[in-house]
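Shown next, in structure tokens, is the structure this report addresses.
The values are calculated or read from the model by the stated rules, or taken from the named source; none is laboratory data. Just so we're clear, the structure is a prediction, and the values are computed from it rather than from any experiment. All Cβ positions, even for glycine, are placed from backbone atoms using ideal geometry, and neighbour counts span all protein chains on display. Side chains are part of the model used for accessible areas, which takes the heavy atoms of the whole protein and leaves out ligands, DNA and RNA. Shrake-Rupley method; radii C 1.70, N 1.55, O 1.52, S 1.80 Å.
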Amino acid sequence: MVITNTRVAAAYGGIESLLHPTIEEHLLERISALETQLEHAHDRFELVLDLVHRQATSGLYDHAMLDALVEHLSERGTVEGGKLESLWRSRIASHFEDATEQDKLEQRLERMLRSFGGDNFDLFARLLDTGADLVIEGNSKRGIRYFEKAFVLDPANGALAFFIGEHFFRVNKPMLAHAYLERAVDTEHDNHLAMLMLGVICGDDGELDAAKRFLGRALKIKKNSFTAHYGLGRILVSDGKLREAISHFKRALTLKPTAEMYYLVGRAYLEDGRPEVAVRHLRRCVELDPKFDAALYHLGIIYLKQENLLLAQEHFRAAYEINPRESRYRTALRARKAGQLAPLPVFGRAAVSNRKVVTSGDVRLAELLRSDLLDASAADRKKQ
């Protein structure tokens, strides 16, 4: 068909206006196309919704059948219904926990890869993948070797150095942990967790100046650090600076008001010759944990010094009933003067040696310190 410049065409703006659509026409076409796409999306959504509904219904039927089966077996005495449900819930929780840990590991791998500064990236990535697979399978001992091989390719990789150092800290290999954590701190100057671990390791290895330096740096980054205040307090005790140590212990107590910390602060006041303050903290310790035998024993000593024999004997007997294997509790039951009794060691070797300054002494305090470090590590991974 041949279009000519007729009067009708001219009336509508000429042939050009007929050949080229207006903006309104173009927008109408786009709106029509969007409507078609929305209809298709709506149809797909309906299909997905139907599938979800079928799966939910199927899951409901399966759950009802399992409930009926468990009820029948429970009635016959074959299984314990409550125990089976508890086991089932714990399995589900374990599954989700494993999946979460795997996600966190993948995030840490990404950080290691982003920090790579070596030459052979492909080999580095393969070593990390192999090591991660072994760790996920539960073979951390073999897996960490691949991470160490990867570290040889990139010795300035702070994220990788911290990962390896943290592993060795967890499995109680402080010498290996020390080497890798120092590399991590050299590269990542704000890695307060690496500094905390180094502070604990150096404190237990007798390097008290280095321990104070690392713990002090960690406090500058994070003022509310239980481990830093606790560790510095223990080191100050070994230096004979009990008053300064108490200020750090009190700060640690506010951060973690546990029975163990009330006991520690109470014992520190007792060592400092302030039994009237010590007794308040020791009583609070027993309120939080009535079976804290060491606190009961030291309360008995204080009451015996105050010549309150009946109250002292009551606390000594309670401590002995909780822990009859402690010979000092048996001796305390026969004591009539406080001078006949020796306090339990709370600061371990801190008073006589530069070794194990931070973690020696009361087992419960050592466990509290370790759990705080591991909890801080887990919380830090969540933020990454």
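List of remarks:
- Entry remark, segment 173-187: residues being out of contact with any Phe, Trp or Tyr (no Cβ under 6 Å at 6 or more places or on another chain) and open to solvent by 30 Å² or more (accessible area, probe 1.4 Å) number 10 in total.
- Within segment 320-341, residues that are closer than 17 Å to residue 302 by Cα reach partners that are among the hydrophobic types (A, V, I, L, M, F, W, C) and assigned to a helix (DSSP H, G or I) with beta carbons closer than 6 Å, at six or more positions or on different chains, in the pairs 329/319; 332/316; 333/316; 338/301; 338/304; 341/301; 341/332.
- Among (1) surrounded by fewer than 15 Cβ atoms within 10 Å (Cβ to Cβ); (2) at pLDDT 65 or above - the single one residue 61 does not satisfy: (2)
- Within segment 254-294, being touching a residue at least 60 places away in the same chain (Cβ under 8 Å) and of a type in the set (Val, Ile, Thr) holds for one residue alone: 258.
- Checked against (1) open to solvent by less than 40 Å² (accessible area, probe 1.4 Å); (2) at pLDDT 95 or above; (3) among the hydrophobic types (A, V, I, L, M, F, W, C), residue 105 passes all but a single condition, namely (2).
- Listed here are the helices (runs of 4 or more DSSP H) enclosed by segment 217-281 that have at least 1 residues being of a type in the set (Phe, Trp, Tyr) and open to solvent by 20 Å² or more (accessible area, probe 1.4 Å): 259-271.
- Against the numbered list (1) open to solvent by 10 Å² or more (accessible area, probe 1.4 Å); (2) in a loop (DSSP other than H, G, I, E, B); (3) not acidic (Asp, Glu), residue 357 comes up short only at (1).
- Taking the criterion of being assigned to a helix (DSSP H, G or I), over 42 Å from the mean Cα position of the chain (by Cα) and of a type in the set (Lys, Arg), the only residue of segment 320-341 that qualifies is 334.
- Residue within segment 65-87 that is at pLDDT 65 or above, loosely packed, with under 11 Cβ neighbours inside 10 Å and of a type in the set (Ser, Thr, Tyr) present: yes
- The set of residues in segment 297-319 being modelled with pLDDT under 95, open to solvent by 70 Å² or more (accessible area, probe 1.4 Å) and assigned to a helix (DSSP H, G or I) consists of 305, 310.
- Residue count, segment 343-367 (criterion: of a type in the set (A, V, I, L, M), modelled with pLDDT of 85 or more and more than 14 Å from residue 296 (Cα to Cα)): 5
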